[in-house]
1. Could you work out how far the C-alpha centroid of the stretch 306-353 sits from that of the stretch 202-238, in angstrom?
2. Lysine pairs, Cα distance under 30 Å, 8 or more residues apart or cross-chain: how many in the chain?
3. How long is the gain from residue 333 to residue 170 if the chain were fully straight, where each residue apart is worth 0.36 nm and the alpha carbon distance is subtracted?
4. Sort the following peptides by mean Cβ neighbour count (other Cβ atoms within 10 Å, averaged over residues), highest first: 80-90, 138-148.
5. Which value at 222 nm does the chain reach when only helices count, each DSSP H run of 4 or more adding -39,500 (n - 2.57), with the total divided by all residues and rounded to the nearest 500 deg cm²/dmol?
6. For residue 158 and residue 388 in the same chain, what is the full-extension length gain: residue separation times 0.36 nm, less their Cα-Cα distance, in nm?
7. How much net charge surrounds residue 252 when only the other residues with a Cβ under 10 Å from the Cβ of residue 252 are counted, with Lys and Arg +1 and Asp and Glu -1?
8. Taking R0 as 45 Å, what FRET efficiency do you get between residue 364 and residue 81 from their Cβ-Cβ distance, rounded to the nearest 0.05?
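A short reminder: the numbers here are calculations on the coordinates, not readings from a lab. Everything numeric here is computed off the predicted structure, so don't read it as measured data. Positions of Cβ are backbone-derived with ideal geometry, glycine not excepted, and every protein chain shown enters the neighbour counts.
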Amino acid sequence: MEIYLVGGAVRDQLLGRVPRERDWVVVGASPEAMTDLGYRPVGRDFPVFLHPETAEEYALARTERKTAPGYRGFVVHAAPEVTLEQDLLRRDLTINAIAQDQQGQLIDPFDGQSDLEQRLLRHVSPAFAEDPVRVLRVARFAARLAEDGFRVAPETMLLMRQMVESGEVDALVPERVWQETERALGETRPSVFIEVLRECGALQRIFPELDRLFGVPQPARWHPEIDTGLHTLLVLDQAAQLSESTPVRFAALVHDLGKGTTPAHLLPAHHGHGERGAQIIEDLARRLRIPKEHRDLAMLVSRYHGLAHRAAELRAGTMMSLLEHLDAFRRPQRLEQFLIACEADLRGRTGFEQRAYPQGELLRGALAAANTVPVDNNPKLSGEEIGRKLREDRIQAIAAERSAKRAPEHRPEHAAGQDAESAAPRSSAAGSDPQPKT
């Protein structure tokens, strides 16, 4: 029985990175031999065991044979006679097909070290095309390693295009699409994940809502980059710089989906795109089974990011309504997530990358002021009357706080711009806020 460190741990060591996790492959052993040594079986599709002390994964060396479409359409063969090289041959990329023995010697039958030096993501063998998840994985590795200058090898990109054209990518199941997407959102440059999927044609199959944003124009006054798809990628990377939260990053990614449905004769204006986008996000979340936390925040950002950009112009009642829609009194952390996504939207524009976002402080100040109002527990009032009075008092507190800070009033440059087209929540105490012209 021989044990080798494999995959990402070896790759990361060679790149000078701290490995996120360690995986091992065992050659010359049977499942019975592993359990006799105290390893605990956990593999559903092939023999994988947890070490009795470290709980790290140890997989028996195996081969695979394609029998049906999709990433589950394989017959796995794991036996003591399977060699290390046969096991490495079935892996996706050469940089992930390097092994290290227990003496520290590297086994690199597919020249992964050379591809590490050249910063290339190259497939190991034509068997790559048998598993559509590998298209997502390559895009995710491109996002992870973009800061180190990695790019997809031309022959691998060609193979990925052929997988899209053959319909292999259409066999991806929703859960796996979301799993890989969420992991990509957590990478340093998540926009690269979208770029690679778009380059090979998979974005149109997997995320048509995102794909149709590219080429859709916006007013150059507020969006010097003009293209909505490009803006989306810039916003996503800004969100990645501002927060590690994948719900925030997902909200940034999908905040402008409504612009992909704007009638051509209205372009480059996008009136009502926030509400349209919220419905698209809801449909997308249902299709890919996206978690409720991600879906709800994204829908709120889509609906109200334009309103947040106009915080300096809003009446106290409208600001109160916005806080209520965000459930900010019960969930102040959601307001923070919302504001980070809105700040990323502002900064995700050519030339706006270092802009401050004072609107965030205005909304935080409004919440703080409203939270200073005590609840009136007058027994002569009904619950409805107590709630109404609390709301009115909070609006007055917000108005007072705004008045104290109004001079000199700061009017953000793009406060009345293109992204302020979302309808304001109704305010029962402060009139309505004028909607800007585009």
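1. 21 Å
2. Lysine pairs satisfying the spacing and distance rule in the chain number 5.
3. Gain on stretching residue 333 to residue 170: 54.9 nm.
4. Descending mean neighbour count gives 138-148, 80-90.
5. -14000 deg cm²/dmol
6. Result for the pair: 76.5 nm of gain on full extension.
7. Local net charge: -3.
8. The calculated FRET efficiency here is 0.10.
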